[in-house]
Amino acid sequence: MLRRPAASPSRRFAPQDEGGWASRSTRHGGRGLAIYAVLYLAFLYVPVLLLPLFSFNDSAFIAFPLSGFTTKWYAAMAADEDMRAALGNTLKVGAAASLISTILGLLTAKVLARGIPGGAFFAGFASLPLFIPDIVLGIALLMLVTSLDIPLSLQSVIVGHVAICLPFAVAVLLSRFEGFDVALEEASRDLGETGWMTFWRVTFPLVLPGIVASLLLTFIVSFDDFLIAFFLCGTDTTLPVYIWGELRFPYKLPNVLALGSTILIASSALIALAEWVRRQGVSGQPRDPGIGI
Amino acid sequence: MAGAKSELRKTSGLARIRQALRRSEAARGYLLLSPAMAVLLFALAAPIALLVLYSFWKENGLVLDTTPTLAQYAAIASREGYRTLFLRSIAISSLVTLVTVALAYPMAYFVAFRVTRAKFVWLLLLTIPFWTSYLLRVFAWKVILGFDGVINSTLISLGLISHPLEFLLYNPTAVVVTLAHAYAAFAILPIYVSLEKIDRSLLEAAADLGDGPLRRFLRVTLPLSLPGVLGAAVVIFVPTTGDYVTPTLVGGSDGVMIANIIQVQFGRVNNWPLGAALAIGSMAAVAVIAVAFIQAARLAVARIR
């Protein structure tokens, strides 16, 4: 029994042992690949992390060397009333858009997961907003809203955001619905529960992590949107539209950096939370990356 | 049982409809789908239909002339400037697609085949920058590449250059770099999923039959991961052609893209029909290229197999 396992190729390439067959190529390109992965992460993170770095820099110019530590830009940001109003608008729009798109996504995903004649068509229709550039959807909605004589407002932004959020809500909830056993719902109905009670007592608790993840992801999609709000918000500026306006003034850049860093930290925390919640209990599907692609 | 039956007979018309629905699984399904579909009809189909209509109209001073005309499309076809803009937008986003996919493939390969334990952490690390404000990520590149930016100020303080390099910002290359960064997650995730799905015993078989690592990659791994690569290419190519923020912030006058000229029609120029025709034209061009690309790739895959 002291045979060396590496002598047998089938042992070395056993499918459950990925490290096994990888170890052979480690000699050739494995380390190179690991180095590449680290460099790639740096490429992703360095630009983003420059914002918090310079937000604490005691100079109105964004340049090295750093001149000193300050929190004055954060104080200036907190005192800016226009910014607070824009933040309030964005939070309102995000809350409404995420709630509406998640409810619609819940209904849609429930039906699509169980299968229905024409399901592929409806699934395609629901993911269509992903394939229409935001600029096109933005101007098209602007045309619709103005030709219906509806004044541009946060409500028109919400309508646009529900459209762009829906594919994400459906994708997240669909993976959740596909993960649980229909027999549980059937059992509940067989035991005499009404359809509504079955939903509340069986379906809802089972898909709850998906609902929370969908609410968080759609909130961020809405929170991050600039173009649709740019065309539809009228005078009720949302935060990205406000930031866009500020970018024109060089002396205001440090404030924008402070704001950007705050957004960065808040949305990273939200995403980590959404992923964590979504994965509660669906460890059987580790291959789902979790965003609607 | 008898009580239940009489109960049933007493029910009102509305309840009877409800029961009919409960009986028909499909009807109930369509009923549940209807709110989302209604919203999509109103917020997606109707606006796009109106966009198409607008593109056949004409701006006549301050009034809109709604007699159908191909004037906008004729104007786009006859003006050299628009053709250049279309070609440039498509060239830039093709390059972005190529660069983004090529950079992301080894990364996705690493997570799918080399990472054994903390895959979830890697995926989270790779997606977090993607979920943080798009506007600010693009802006970060302006800060890096700018005249007084991070690269220039670093090089000057190190004494490597005496004047800031001006070729970094405000050109198509800056747009490509910025978009390759902004759309990284769109490439990594689909490629990762298709690599992860590959049956490891196929790789084992290829190795047993004498293929070296490179041949095994070219003949097994790469063809099997092509669906992910194609998915990534389409998901990147379509939105980047219509990107507005990046060319505006880092593109300069040589990096102007189709979205900028569309936006101008709704702002300064105020010619909505022309803007609509430009939008339809760019969507059509993108759709044709994407479909042709997918067909070509399918043929290529069929040939490999």
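Rule-based calculations on the coordinates, nothing more; no lab input. As the structure is a prediction and not an experimental result, all values here were calculated from the model. Please note: Cβ atoms are built from the backbone with ideal geometry, for glycine as well, and neighbour counts cover all protein chains shown.
The order of A:110, A:92, going from fewest to most other C-beta atoms within 10 Å of their C-beta, is A:92, A:110.
Around residue A:227, under 10 Å between beta carbons, what's the net of Lys plus Arg minus Asp minus Glu among the other residues?
Values: positive: none; negative: A:134, A:225, B:243.
Net charge in that neighbourhood comes out at -3.
Neighbour counts of C-beta atoms inside 10 Å place A:98, B:162, A:67 in the sequence B:162, A:67, A:98, starting with the fewest.
Counting Lys +1, Arg +1, Asp -1, Glu -1, what net charge surrounds residue A:134 among other residues with beta carbon under 12 Å of its beta carbon?
Within the 12 Å Cβ shell, the charges total -3.
Rounded to two decimals, the Cα radius of gyration of the protein assembly as shown over 2.2 N^0.38 Å is 1.07.
The residues B:192, A:40, when put in order of fewest to most other Cβ atoms within 10 Å, stand as A:40, B:192. Across segment B:102-117, coupling constants 3J(HN,Hα) worked out from phi with the 6.51/-1.76/1.60 Karplus curve, θ = phi - 60°, read 5, 6, 7, 4, x, 5, 5, 4, 4, 5, 6, 10, 9, 6, 10, 9 Hz, and Gly and Pro carry x. Legend: mean number of C-beta atoms from other chains within 10 angstrom of residue C-beta atoms, peptide A:143-152, equals 3.
Between segment B:175-191 and segment B:95-127, the alpha-carbon centres lie 11 Å apart.
Ordering B:84, B:107, B:177 by the projection of their Cα atoms onto the charge dipole of segment B:74-304, which places +1 on the Cβ of Lys and Arg and -1 on the Cβ of Asp and Glu, puts B:107 at the extreme positive end. With Cα atoms defining each centre, segment A:181-197 and segment A:86-164 are spaced 31 Å apart in the structure. Applying the Karplus relation 6.51 cos²θ - 1.76 cosθ + 1.60 with θ = phi - 60° to segment A:166-180 yields 3J(HN,Hα) values of 4, x, 5, 4, 4, 4, 5, 6, 4, 5, 5, 5, 5, x, 10 Hz, where x marks Gly and Pro.
Give the average, rounded to an integer, of partner chain Cβ atoms located within 10 angstrom of each Cβ in B:136-149.
Working: counts 14, 7, 3, 9, 10, 2, 4, 8, 4, 1, 2, 1, 4, 5.
Per-residue shielding by partner chains comes out at 5.
Net charge dipole, the protein assembly as shown: roughly 2020 debye, given to the nearest 20, about the Cα centre with Cβ charges of +1 for Lys and Arg and -1 for Asp and Glu.
Roughly how crowded by other chains is peptide A:37-49, in terms of the mean Cβ count from those chains within 10 Å of each of its Cβ atoms?
On the way: counts 11, 1, 2, 9, 5, 0, 7, 12, 4, 5, 16, 9, 2.
So the per-residue partner count for this stretch is 6.
Only lysine pairs 8 or more places apart, or on different chains, with alpha-carbon atoms under 24 angstrom apart are counted in the protein assembly as shown, and they number 4.
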